[in-house]
Amino acid sequence: MRIILCGFGVVGQSLVKLLNSRSDDLYAKYGLKPRIIAVSDSKGSAVDTAGLSLEKLIEVKKKFGTIKNYGNIKNNMSGIDLIKNIDADVMIETTASNYKDAEPGMSHIITAMKRKMHVISVNKGPLALAFPSLVELATYNQVIFKFSGTVGGGTPILDYAKNSLRGERIMSFSGILNGTTNYILTNMTNGSSFDIALKDAKDKGYVEADESLDLDGLDAAAKLVILANWVMDMKVTLPDIDCKGIRNVTTEDIKKAIKNNCSIKLIASCDKELKVQPRQVSIDDPLCVNGTLNAIAFTSEHSGTQTIIGKGAGGIETASSILRDLLEIRQEIAKI
Ligand SMILES: NC(=O)c1ccc[n+]([C@@H]2O[C@H](COP(=O)([O-])OP(=O)(O)OC[C@H]3O[C@@H](n4cnc5c(N)ncnc54)[C@H](OP(=O)(O)O)[C@@H]3O)[C@@H](O)[C@H]2O)c1
């Protein structure tokens, strides 16, 4: 399976390490022989249609800060150049998420689909802004579009709702979909001010480079869009979400919640409306998880409410979700 990997940051590098450590058993157990033939980062690319050395990719990125130094001549091709000019079976999109125009991920995905490549994206931006049209484009071009890592990192939230609850009608869901804000609110519940809790989260590397994505609820809203489309068959995008972040949560609000035997959590919910907002959650509710954990409760017609709890992010966790998607693509292709 020939793969173009766009983006070589935390997740991209974790994927390469994971594939390197699992190559023998992936072939023996699943017949999967992934061959990464091109990789791009923000400065350039590495290309070898016979297959790049996974160890060398990691070494070169560590040494030079970019994979453009992989070959003898520096390679300035961008991700989009790779997708337009190199034949591959799968394009994996791991560039940074943005919710203004979702570039460069949006163009990577659209171009790859038009070139009949299957697509795996962990980048939430393109899905948040254009989920319905991307799914339509994949169908039109008869390619498989997978995005397990966009919600819940390695915790298989999308698969659970779609496959484990197959046949059930999910009526509503609500959850904590952003670990960073949950960490900050947990610290505030334990007595920290917002500023100190935010600084602590930044020191631990939990906050996105653009802190607004976490604090103003955009990351949680993007995940809500993906869930609403995938699980509830809604045709919605980011502007459809009524979104409020945690910047205005005060120490007074936290104290009031504690008096009610509750904690304040940033809850993304899909009921009659699609909302992201801070809410009081009873400490006895399974949803009331602490630290960087994510949790989501699905309420379905006959099975009642079920809550899934897990780590919502992490490089290796998210890489493992990409591997799950790759295996599914492998299985789907084998059926044809
Ligand atoms: N980290 C997680 O736990 C996690 C979990 C779920 C989903 N995600 C999503 O996965 C994606 C990757 O996350 P990450 O943690 O790996 O981020 P990251 O470490 O910041 O890596 C982003 C990669 O994208 C490249 N890039 C950024 N802007 C670019 C541009 N304009 N053109 C080409 N390449 C560009 C960067 O290039 P340089 O290397 O040259 O800077 C880097 O290789 C994001 O969309 C994120 O939201 C991450």
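A short reminder: the numbers here are calculations on the coordinates, not readings from a lab. Since this is a predicted model, take the numbers as computed values, not measurements. Ideal geometry is used to build each Cβ from the backbone, glycine not excepted, and the neighbour counts take in all protein chains shown.
Once you order the gyration tensor axes a ≥ b ≥ c over the Cα atoms, which shape class does the range 207-269 get: rounded for a/c under 1.5, otherwise prolate or oblate by comparing a/b with b/c? Oblate, since a/c reaches 1.5 and b/c is not below a/b.
Considering only alpha-carbon pairs that sit under 8 angstrom and 6 or more positions apart, the relative contact order computed for the chain is 19 percent. Relative to the longest principal axis of the Cα atoms of the chain, the long axis of helix 54-64 makes an angle of roughly 70 degrees. Taking the DSSP bridge list for the chain and keeping only pairs wholly inside it, about 65 percent are antiparallel. Against the main long axis of the alpha-carbon atoms of the chain, helix 194-203 sits at an angle near 20°.
The listed peptides 49-56, 307-314, ordered by packing as a protection proxy, come out as 307-314, 49-56 (highest mean of other Cβ atoms within 10 Å first). For the chain, the longest principal axis of the alpha carbon atoms and the long axis of helix 218-232 meet at an angle near 80°. Taking the range 104-206 as the region of interest, the number of lysine pairs whose Cα atoms are within less than 23 Å, with members eight or more places apart or on different chains, is 9.
In this Cβ point-charge picture (+1 for Lys and Arg, -1 for Asp and Glu), the chain has a dipole of about 680 debye about its Cα centre. Under a GNM of the chain (C-alpha, springs under 10 Å), which listed residue has the highest mean-square fluctuation: 23, 97, 107? Its mean-square fluctuation being the largest, the pick is 23. Place +1 on the Cβ of every Lys and Arg and -1 on the Cβ of every Asp and Glu in the chain, take the dipole about the Cα centre, and give the residue among 187, 231, 76 whose Cα lies farthest towards its positive end. Going by the Cα projections, it comes out as 76.
Can you pull a Stokes-Einstein diffusion coefficient for the range 157-311 at 10 °C (1.306 mPa s), Rh from Kirkwood over Cα pairs, as a whole number of µm²/s?
The diffusion coefficient I find is 101 µm²/s.
Projecting the Cα atoms of 298, 313, 201 onto the dipole axis of the chain, where Lys and Arg carry +1 and Asp and Glu carry -1 at the beta carbon, places 313 farthest toward the positive end. Decide, for the chain, between rounded, prolate and oblate: order the square roots of the alpha carbon gyration tensor eigenvalues as a ≥ b ≥ c, take rounded if a/c falls under 1.5, and otherwise choose prolate if a/b is larger than b/c, else oblate. Prolate.
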